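Below: one structure, written as structure tokens.
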Amino acid sequence: MYSIEELINIILSKSELLEEQAMQKTELRNLTTKQLYCIELIHSLKNPTLSELTEKLKTTKASTSVMLDRLEEHEFIVKVQSDNDRRSAHVHLTNKGDRAAHLHSDVHKQFGALLTKHLTDSERDILIVLLNKAIKSIE
């Protein structure tokens, strides 16, 4: 039986491997994990501002801005000036960015299915409850 540390290591390693394999087959192969996470956040926050993204990413505005500039260069996002406040802009995903967000989400679904494929429905439900409790501990 594995220890909790070994289990976490196995899960993280397998997840990263699955994600890398999926990305290598697409236009996303040059994205960093942080950039992909940023794209996922933009998708879930629905056109956030720089400040909103900075808060969620737990980085500085300068770091977020540099990342957004790179994502814009590679046509994953566009910055649109706010109608309400001309000093700020909202970040929108392009079609390419939207595909990236969905691919990332699909990889998570695939990994969840792999992780639980040998579990019964009740075991899966118990795992979900336990993982939710564990997540509350690290938030």
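Where a number appears in this text, it was derived from the coordinates with a stated rule and is not lab data. The model shown is predicted, which means the values in this text are computed figures rather than measured ones. Reconstructed Cβ throughout: ideal geometry from the backbone, glycine too, with neighbour counts over all protein chains shown.
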Next on the checklist: Checking the cross-link filter: which aspartates and glutamates have an alpha carbon closer than 17 Å to that of K58, excluding same-chain neighbours under 8 positions apart?
Outcome noted: E40, E139
Checklist outcome for this item: Cα-Cα longer than 25 Å, checked against K56/K79; K14/K117; K34/K136; K96/K133; K25/K136; K34/K96, kept in input order, equals K96/K133; K25/K136
Checklist entry - Mind checking which helices in the chain clear 20 Å along their axis (Cα) and have mean Kyte-Doolittle hydropathy of -0.5 or more, DSSP H runs only? => result 4-24, 121-138
Checklist entry - Considering amide H positions built from the backbone, and no H for Pro or chain starts, which residues 5 or more places from A89, or on another chain, come under 5 Å of its amide H? => result L50, S82
Checklist entry - Which of these, L119, L68, L41, has the largest mean-square fluctuation under a Gaussian network model of the chain (Cα springs below 10 Å)? => result L119
Checklist entry - Which FRET efficiency, nearest 0.05, do K61 and H118 yield, Cβ-Cβ r, R0 41 Å? => result 0.35
Checklist outcome for this item: Once both label points are put 7 Å beyond Cα along the C-beta direction, the E75-L18 separation in nm becomes 3.1
Item to check | Calculated FRET value between K25 and N84, using beta carbons and R₀ = 30 Å, to 0.05 | outcome: 0.15
Checklist entry - For Rg and Dmax of the Cα atoms in Å, which listed value, (1) 14.7, 50; (2) 18.3, 61; (3) 17.6, 58, comes from the coordinates shown? => result (3)
Checklist entry - So who's got an amide H within less than 5 Å of the one on I77, skipping anything under 5 residues away but keeping other chains? H placed 1.01 Å off N, in plane. => result E72, T94
